[in-house]
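Asker: Let me give you the structure first, and then I'll get to my questions.
Laboratory data are not the source of any read-out in this text; all were calculated from the coordinates shown. Because the structure is predicted, anything quoted here is derived from the model rather than measured. Heads up, the Cβs are rebuilt from the backbone with ideal geometry, glycines too, and the neighbour counts pull from every protein chain shown.
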Amino acid sequence: MNRPRTMKRMTAEADAMRESDRLFFERFPHRQHRVRRLSKAELAQFEEATGTTLLVPSQADALFVIIKNLAPGVRLRIHTLGPADETGDDAPEAMVAALWNRKAASNPFLLKQEAHIQKAMRLPGGPLHEGGAA
């Protein structure tokens with residue numbers, strides 16, 4: 001396997017998914033959360049970066065990513081399992097927000113990370129400095 005070429009391709013494909021997230025939040029500015037299937041490239045990139053494998057326990061399940069839009073260009077992600085026959089495309093904001101809150105509550109590192117990012121966004125030059133709108 002040509003590792004540098006494979007990593008470059010995975011990065012390009014994962015970047016395309018992140019771009020789709022950006023466009024989603026631009027198209028739906030009232031939304032703060034999104035859920036969608038985790039792409040193969042994102043999965044490969046995650047597994048390469050962490051040295052862990054995300055397992056799907058059954059064929060009835062699939063890997064998803066929940067995205068929280070903190071401000072334009074500032075997003076956090078959580079991986080989760082969901083039903084294999086769903087895509088997440090039609091999930092309403094309230095449901096995705098509740099799912100995010102439930103998953104985040106069991107992840108102290110993520111909560112700390114979000115608090116640090118929220119604080120940084122309020123510093124001079126940040127998107128929320130002096131009451132700027134996210």
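Asker: As I understand it, the value is the acute angle between the Cα axis of helix 93-105 and the longest principal axis of the Cα atoms of the chain; what does it come to in degrees, rounded to 10?
Answerer: Approximately 80 degrees, to the nearest ten.
Asker: Can you tell me the 0 to 90 degree angle between the C-alpha axis of helix 40-50 and the longest principal axis of the chain, rounded to 10?
Answerer: Computed tilt is about 80 degrees.
Asker: Provide the FRET efficiency to the nearest 0.05 for the residue 105-residue 60 pair, computing r from the beta carbons and using R0 = 25 Å.
Answerer: Efficiency at R0 = 25 Å is approximately 0.50.
Asker: Taking all pairs of different Cα atoms in the chain, averaging 1/r and flipping that mean, what Kirkwood radius in angstroms comes out?
Answerer: After inverting the mean inverse Cα-Cα distance, the result is 16.2 Å.
Asker: Calculate, for residue 11 and residue 94, the FRET efficiency according to 1/(1 + (r/R0)^6) with r their C-beta to C-beta distance and R0 35 Å; round to the nearest 0.05.
Answerer: With a Förster radius of 35 Å, E is 0.55.
Asker: Expressed as an acute angle from 0 to 90° and rounded to the nearest 10, what is the orientation of the C-alpha long axis of helix 108-121 relative to the principal long axis of the chain?
Answerer: 40 degrees
Asker: Would you list, by chain and number, the lysines whose Cα falls below 24 Å from the Cα of residue 112, excluding same-chain residues fewer than 8 positions away?
Answerer: 68, 103
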